[in-house]
Amino acid sequence: MQIREMISKLDHAVIILDLSIAAELEVARERNPSHRSYPILATTLTARRDNLKVTIVLLVERLATVKQALDQFDAVGAAAL
């Protein structure tokens, strides 16, 4: 199913972003996100990662809704036979 493939790809992207954030912070002098010297790249990657996580949650919910609708459709179809 396409939604599952998208969720899988987004999960992979989140992992890559986590690794990129960790690599950026490894060389950074400042690790406090509220400090003015905190790397802009880490801030940007963190925001992107967080947005992807929200998207994944929404897609999982959508997948559950679609599955429930298909199950109901199958039950109605079976009852008609």
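General remarks:
For every residue, the table says whether it meets (1) modelled with pLDDT under 95; (2) in contact with a helix residue (DSSP H, G or I) (Cβ under 7 Å, 6 or more places away or on another chain).
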residue	(1), (2)
ILE7	no, yes
LEU10	no, yes
VAL14	no, yes
SER20	no, yes
ARG29	yes, no
LEU41	no, yes
THR44	no, no
ALA47	no, no
ASN51	no, no
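- PRO39 meets all of the listed conditions (1) surrounded by 12 or more Cβ atoms within 10 Å (Cβ to Cβ); (2) closer than 17 Å to ARG4 by Cα; (3) without any contact (Cβ under 8 Å) to a residue 60 or more places away in the chain; (4) not acidic (Asp, Glu) but one, namely (2).
- Residue tally, condition more than 27 Å from LEU58 (Cα to Cα) and either loosely packed, with under 15 Cβ neighbours inside 10 Å or touching a residue at least 40 places away in the same chain (Cβ under 8 Å) (or both), over the range 1-27: 3
The values are calculated or read from the model by the stated rules, or taken from the named source; none is laboratory data. As the structure is a prediction and not an experimental result, all values here were calculated from the model. Methodologically, a virtual Cβ is constructed for each residue, glycine included, from the backbone with ideal geometry; neighbour enumeration extends over all protein chains shown.
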